[in-house]
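The block underneath contains the structure these notes are about, expressed in structure tokens.
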Amino acid sequence: MVHNFNAGPSILPKEVFQEASEAILNFNNMGLSILEIGHRTDAFQSVMDEAQSLTRELMNLNAGKEVLFLHGGASTQFFQVPMNLLDEKSGAAYLDCGVWGTKAIKEAKLYGNVEVVASSKDRNYSYIPKGYSIPDKASYFHYTTNNTVEGSQMHAIPETDIPLVADMSSDILSTDMDFNRFALIYAGAQKNIGAAGVNVVITDQEILGKVSRKLPAMMDYREHIKNGSMLNTPPVFAVYVCMLTLRWLKKIGGVKAIQKLNEKKAALLYDTLDQLPLFTPTVAKEDRSLMNAVFTMADADLEKAFLATCKANGMYGVKGHRSVGGFRISMYNALPYESVEAVTDLMKDFANKNG
Ligand code: PMP
């Protein structure tokens, strides 16, 4: 038995792998592979339609929201967002809580003025800043809901009238919240939604078309809306895997049900970390991520030994990101509770032997 704690691409439900592999050989009993059908066929159109409608349903989106499946990963959204929403002479507000937010800020600066309203860089991004104010003239306020690398998460939506833009790449559909509060949400699919190669973008129609610059069609959200996410060939297989994963999420009870499981998994992991002095969680308690738990050990040799123990016990993806070091256990939606039990048992055992 293996346990997959990879940070992304990461674990997906077993039944999704099963169905996706069957569709590679024989999609919808057509005698054709999903990899060899045209994206404008009825068969694929119904995949796209279902992926969009499941996203709407699971996120409880109101009628004014558009759901898009686009290429380019979340990194493309770092510049596509300001291209569409930020005029050269206007300003946008950004929160800087980690490496991904920093990259988004860098790209936005190519298109207009950027005010970083707060940053947790001073303490290696180990907390979420609070008590900052957002300028009322900002075109939008951008933040990363979950900081995948550093292991911190925003547990409340900021109170502001400024249009909210969120990078939800690593926690979308993991916790119930009012998704309609956001003017634009984007997420690379490869954690909670599906396979790498596609981005989910959810946007309000009315925030679009306000910038004066000319946009290439592929960068213009309005063109993608007009064309139902089929302005060009979409990443057919990646969209199909999203649809299967969204179906699975609906079947197991949706976002509220998965939130309960995610809270239970995170509680077990953080309680264990807090009980074992050998391990040091790096993030302020109230800002800890339900998706990515980051921790270190004081002794580098013991860190190596713990990594080797994890490997010997079939645990993948435990090593921390190179910028933080230590360890990172990712607990995305599809990770079973049993995997967290397995790693916490291993930690207790390791602490007994080495503490
Ligand atoms: N934002 C966040 C929060 C991420 O975790 C990642 C990647 N793991 C990205 C953006 C970049 O995503 P991509 O590799 O799809 O461009």
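Only the coordinates and a few stated rules stand behind these numbers; no lab work does. Source: prediction; values computed, not measured. Cβ atoms come from the backbone with ideal geometry, glycine included; neighbour counts cover every protein chain shown.
Which helices, taking whole DSSP H runs in the chain, have alpha carbons extending 15 angstrom or more along the helix axis plus mean Kyte-Doolittle at least 0.5?
Going by DSSP H runs, the hits are 236-251.
Are there GluC sites (Glu not before Pro) in the range 66-172 that DSSP marks as loop and that have at most 13 other Cβ atoms within 10 Å, and which are they? Can you show the working numbers first?
On the way: sites: 66, 88, 107, 115, 150, 159; in loops: 88, 150, 159.
Answer by residue number: 88, 159.
Straight distance only, please: which lysines reach the Cα of residue 103 with their own Cα at less than 18 Å, same-chain residues fewer than 8 apart left out?
Partners found: 121.
Size of the range 229-275 along its principal axes in angstrom, Cα-based, largest extent first?
52, 22, 14
What is the magnitude of the charge dipole of the range 205-342 about its Cα centre, with +1 placed on the Cβ of each Lys and Arg, -1 on the Cβ of each Asp and Glu, and no other charges, expressed in debye to the nearest 20?
Roughly 720 debye, rounded to the nearest 20.
Less than 29 Å apart at the alpha-carbon level, and either on another chain or at least 8 residues along: which lysines does that give for residue 353?
Once the sequence-local lysines are set aside, what remains near residue 353 is 264, 265, 285, 304, 311, 319.
Mind checking Rg over Rh on the range 73-224, alpha carbons, Kirkwood formula for Rh? Display every interim value, and only then the final one.
Numbers: Rg = 14.4 Å, Rh = 15.5 Å.
My calculation puts Rg/Rh at 0.93.
So which aspartates and glutamates pass the test for residue 260, namely a Cα distance under 13 Å, with those fewer than 8 places away in the same chain ruled out?
Within the straight-line limit of under 13 Å, residue 260 reaches these aspartates and glutamates: 176.
Quick one: divide the alpha-carbon radius of gyration of the range 254-354 by 2.2 N^0.38 Å and tell me what you get.
Expressed relative to 2.2 N^0.38 Å, the Cα Rg reads 1.03.
Pull up the DSSP beta bridges for the chain and report the antiparallel fraction as a percent, rounded to 5.
So the antiparallel bridges amount to about 55 percent of the total.
Expressed in nm to one decimal, what extension gain is obtained for the pair residue 133 and residue 337 from 0.36 nm per residue of sequence separation less their Cα-Cα distance?
Result for the pair: 69.6 nm of gain on full extension.
Tell me the label-point distance for the pair residue 345, residue 256, using the 7 Å Cα-to-Cβ offset, in nm and rounded to one decimal.
3.3 nm
At 37 °C and 0.692 mPa s, what whole-number value in µm²/s does Stokes-Einstein give for the translational diffusion of the range 36-154, with Rh from the Kirkwood sum over Cα pairs? Walk me through the numbers before you get to the answer.
Numbers: Rh = 16.5 Å.
Diffusion coefficient, whole number: 200 µm²/s.
As a test of the formula, what do you get for the chain when each DSSP H run with n ≥ 4 contributes -39,500 (n - 2.57) and the sum is divided by the residue count, at 222 nm and rounded to the nearest 500 deg cm²/dmol?
After summing the helix terms and dividing by residue count, I get -11500 deg cm²/dmol.
Just the Cα atoms of the chain, one point each, no solvent: what log10 I(q)/I(0) does Debye give at q = 0.14 Å⁻¹?
Values returned for q = 0.14 Å⁻¹ are -1.16.
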